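Let me begin by presenting the structure, written as structure tokens, before commenting on it.
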């Protein structure tokens with residue numbers, strides 16, 4: 001390897017006194033030593049405790065949400081049906097009377113007893129009372145009752161349907177009054193079992 005005495009940038013000869021120039025990088029502050037941490041998998045008892053805590057949190061959260069859901073449903077029914085639970089229906093069922101006004105019905109859950117009031121032609125002086133079933137169970141005094149009118153026995157007179165939760169009580173329209181459906185009439189209405 002040859003040593004030149006010319007400056008490579010300017011192509012001029014330089015005075016070389018025999019000293020060797022060595023470039024040394026400037027000292028940098030000492031770098032901190034990195035420590036490598038190996039992650040060990042969690043021990044089994046820690047996983048078990050963690051799983052139990054999460055399970056407890058989920059169970060408590062579901063209990064709170066369930067209670068809140070029931071409370072909100074009761075408040076909505078309070079706004080819709082009031083206390084005691086009252087529902088109203090206006091329908092033409094053939095009991096209109098002289099004025100030709102539709103009949104007014106009110107269903108009341110009165111201390112777990114279902115009571116339906118009928119005002120033929122909207123006249124409170126001719127009010128009739130239909131006493132329905134007694135509701136058993138906790139909180140049944142807050143069960144809403146709804147009313148529908150439908151001809152179930154195909155006699156071209158609308159019958160009264162009282163809806164309580166998932167059940168219906170049928171009152172047959174006979175002349176100028178409603179009566180509870182009999183067992184024989186109910187069997188005639190049900191389709192035959194296969």
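Once the Cβ-Cβ distance of residue 163 and residue 57 is raised to the sixth power relative to R0 = 45 Å, the FRET efficiency obtained is 0.70.
Full extension of the chain between residue 88 and residue 49 gives 8.5 nm of extra length, using 0.36 nm per residue less the Cα-Cα distance.
Readers should treat all values here as calculations from the given coordinates under stated rules, not as data from a laboratory. Owing to the predicted nature of the structure, the values given are computational and were not obtained by experimental measurement. Quick reminder, even Gly has a Cβ in these numbers, built from the backbone with ideal geometry, and neighbours come from all protein chains shown.
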